[in-house]
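Asks: Shown below is the structure under consideration.
The values are calculated or read from the model by the stated rules, or taken from the named source; none is laboratory data. Treat the numbers as computed from the prediction; the structure is a model and nothing was measured. Cβ atoms come from the backbone with ideal geometry, glycine included; neighbour counts cover every protein chain shown.
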Amino acid sequence: MPSPMLPSTPGAYALALRLERPVGLRVGALGVWDFPEGVYVYLGSARGPGGIRARLGRHLRGASTPPGTGRPRWHVDYLRAMAQPIAWGYTVAPAPGLPWECLWSQRLAAAPRAWVPVPGFGASDCRHRCPAHLIAFPPDAELLAWLRERSKTWGLTWHTMTD
């Protein structure tokens, strides 16, 4: 999905990534972690300049390092370098108390067969005690259908890379 179709307003987003084979990755200060084959859903915010278009668009394009730095900026950049996006969603609606990314993280973590692969992943600055903003699912999970159904009440509309 080209980033110009994304809004440049601030908001929150979800990015589903498929990892085709197991890998060990260094995730910044979190250290080295094993990531089994599966689907990973990253929940993030885009409150800076360019909003959703800048942040989610960057992840969809595959940019894993900010220009001129040579190293990843966010935890998800480490995983994004090895995994392919399969679906995404966002909202620009005001959060209902708890930030959207925290609310979605809690709901996804409670889903059948879900687990937190790396404690603290994507949640370094989270003030709501989220265990992580990355939730993992087995590769055979019917995740996209489940997400489309559940997220209707979550303020989030899912899009697949083939939509």
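Asks: Considering only the range 103-136, state which residues are of a type in the set (V, I, T) and either assigned to a loop (DSSP other than H, G, I, E, B) or over 17 Å from L15 (Cα atoms) (or both).
Replies: V116, V118, listed by residue number.
Asks: Now a separate question. Is it the case that the range 80-90 has a residue that's in a loop (DSSP other than H, G, I, E, B), touching a helix residue (DSSP H, G or I) at 6+ places or on another chain (Cβ under 9 Å) and surrounded by fewer than 22 Cβ atoms within 10 Å (Cβ to Cβ)?
Replies: Scanning the range 80-90, I find no residue that is in a loop (DSSP other than H, G, I, E, B), touching a helix residue (DSSP H, G or I) at 6+ places or on another chain (Cβ under 9 Å) and surrounded by fewer than 22 Cβ atoms within 10 Å (Cβ to Cβ), so the answer is no.
Asks: Being assigned to a helix (DSSP H, G or I) and among the aliphatic types (A, V, I, L, M) is the filter here; which residues of the range 18-64 pass it?
Replies: The answer is A29, L30, I52, A54, L56, L60.
Asks: Within the range 1-17, can you find the residues that are within 12 Å of I86 (Cβ to Cβ) and in a loop (DSSP other than H, G, I, E, B)?
Replies: Selection gives M1 alone.
Asks: Hey, another quick one. The conditions are (1) out of contact with any Pro (no Cβ under 6 Å at 6 or more places or on another chain); (2) closer than 21 Å to Q84 by Cβ; (3) among the charged types (D, E, K, R), and R113 fails exactly one of them. Which is it?
Replies: Status for R113: all satisfied but (1).
Asks: From the set of residues in the range 139-163 that are in a loop (DSSP other than H, G, I, E, B), at negative phi and in contact with a Phe, Trp or Tyr (Cβ under 9 Å, 6 or more places away or on another chain), which is surrounded by the fewest Cβ atoms within 10 Å (Cβ to Cβ)?
Replies: Here the answer is M161.
Asks: For the range 97-150: of the residues being of a type in the set (K, R) and free of Cβ contacts under 8 Å to residues at least 24 places away in the same chain, which is nearest to R18 (Cα to Cα)?
Replies: Among those that are of a type in the set (K, R) and free of Cβ contacts under 8 Å to residues at least 24 places away in the same chain, it is R148.
Asks: Then there's this: Among the candidates W74, W146, which residue alone is over 15 Å from the mean Cα position of the chain (by Cα) and of a type in the set (F, W, Y)?
Replies: Checking each option against the conditions leaves just W146.
Asks: Here's something else I'd like to know. Please work out if V76 is part of a loop (DSSP other than H, G, I, E, B), closer than 17 Å to G28 by Cβ, at pLDDT 85 or above and in contact with a Phe, Trp or Tyr (Cβ under 8 Å, 6 or more places away or on another chain).
Replies: When the stated conditions are applied, V76 does not pass them.
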